[in-house]
1. Compute the separation of the alpha-carbon centres of the stretch 206-259 and the stretch 83-120 and state it in Å as a whole number.
2. Would you mind calculating the relative contact order of the chain from Cα pairs under 8 angstrom and at least 6 residues apart, reporting the percent as a whole number?
3. Return the long-range amide H neighbours of Met226 (sequence gap of 5 or more, or a different chain), with a cut-off of under 5 Å between placed amide H atoms.
4. To make sure I understand the rule: partners must be aspartates and glutamates, Cα under 19 Å from the Cα of Lys2, and not fewer than 8 residues away in the same chain. Which ones qualify?
5. What shape does the chain have by the C-alpha gyration tensor, where a ≥ b ≥ c are the square roots of the eigenvalues, rounded means a/c under 1.5, and otherwise prolate means a/b greater than b/c and oblate the rest?
6. Count the DSSP beta bridges whose two residues both fall in the stretch 2-337, then state the antiparallel fraction as a percent rounded to the nearest 5.
7. List the lysines whose Cα lies under 21 Å from the Cα of Lys171, skipping any in the same chain that are fewer than 8 positions away.
8. If I build a Gaussian network model for the chain, linking alpha-carbon pairs within less than 10 angstrom, which residue out of Arg259, Arg141, Arg53 has the largest mean-square fluctuation?
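What follows is calculated from the coordinates using simple rules that are stated; it is not laboratory data. Keep in mind it's a predicted model, so treat the numbers as computed, not measured.
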Amino acid sequence: MKQLIDKLRTEHSLTREEYKALLSGRTEELEQYARELARQVTVLNFGTDIYIRGLIEFTNICKRDCYYCGLRRSNTLCKRYRLTDEEILACCENGYHLGFRTFVLQGGEDGGFTDDELCNVVKEIKKRYPDCAVTLSVGERPREIYQQYFDAGADRYLLRHETADEEHYGKLHPAGVSLQERKQCLWDLKEIGFQVGTGFMVGSPYQTVETLCSDLLFIEELKPQMIGIGPFIPHKDTPFGNEPAGALDLTLFLIALLRLAHPFALLPATTAVGTLAEGGRELAILSGANVVMPNLSPNMHRKDYSLYDNKLSDGAEAAEARDALDARLARIGYQTVTARGDYQEV
Ligand code: SAH
């Protein structure tokens, strides 16, 4: 099995059978081996620098009804909010002074925040902070709209595929949406010229070794610049409220495999992995992650962007606490950097 890890490290690709063997035959020793190798590859390519992204959760209004997500439209207990353009720009100003050079505007699929308005906000951010990258993460849109975002100056786009297995996709989402459409969005985004991020939840209900193999193979095919994975965590007011959370060890193993397959990708240590376990984010970094995305949203709304229960938004998750984050990273020998952190192969 260690030979398969070595092969992934040198060839950056495995067959479905090989991925399957790794995932179903995983032992603690194999996990340690993969994680240590992934850590070494990351240090070789990025040193001990950790890129930071200021996350602005600008609307939690969503027309979609994904079974796992606390922002789903059927969740009437969710207190909805939408930031104004001025509020978003104020988050950026605050973030710029804290040393952020990437702003990630994430939100639900909120028809009330028009595409024109979003384009104008992007233009204004790029005008005020020409040295910053803007990342959007607002779900599925027609290709023309993605093109408008790009022309307005957006540099990157995050859209997790969630699962690359058609049948599994159907168990996580209501009828009327499809994996094929979501994948098409990713291909469109790539063709337009965005740096693209995709990913999936670890341990989502009905996930199997086979569906995970499909995820790893799809990511090999797409070759995204960024890959975000984190454990599924139940939200009590969703149909999956009583499902178990994803496991930390599997999450770390998958981060390691993704790092070995994608040596130059930007891999965040996600909020979900930090929420699942104390020190989870540090473990993710020691398994190959090299990005953290602290929360820059206005304090009064942070609790309302509740994708899952107990989602962290303070302490080292909060952008204003960059010192606290740096102190935690220093303990494991890493440091945040102010650079934009674009994808590059060296
Ligand atoms: N509307 C945007 C942003 C979604 S929120 C979009 O569709 O891309 C960002 C990510 O949070 C999702 O892609 C999903 O993978 C993750 N997420 C949602 N609910 C979750 C849960 N219960 N546990 C863990 N991650 C979750």
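1. About 27 Å separates the Cα centre of the stretch 206-259 from the one of the stretch 83-120.
2. It rounds to 25 percent for the chain.
3. Val196, Gly197, Thr198, Leu266
4. Cα-Cα hits under 19 Å: Glu11, Glu17, Glu18, Glu28, Glu29, Glu31, Glu36, Asp249.
5. It is rounded, given that a/c, with a ≥ b ≥ c, falls under 1.5.
6. Given both bridge residues lie in the stretch 2-337, the antiparallel proportion sits at roughly 5 percent.
7. Cα-Cα hits under 21 Å: Lys63, Lys183, Lys236.
8. Arg141
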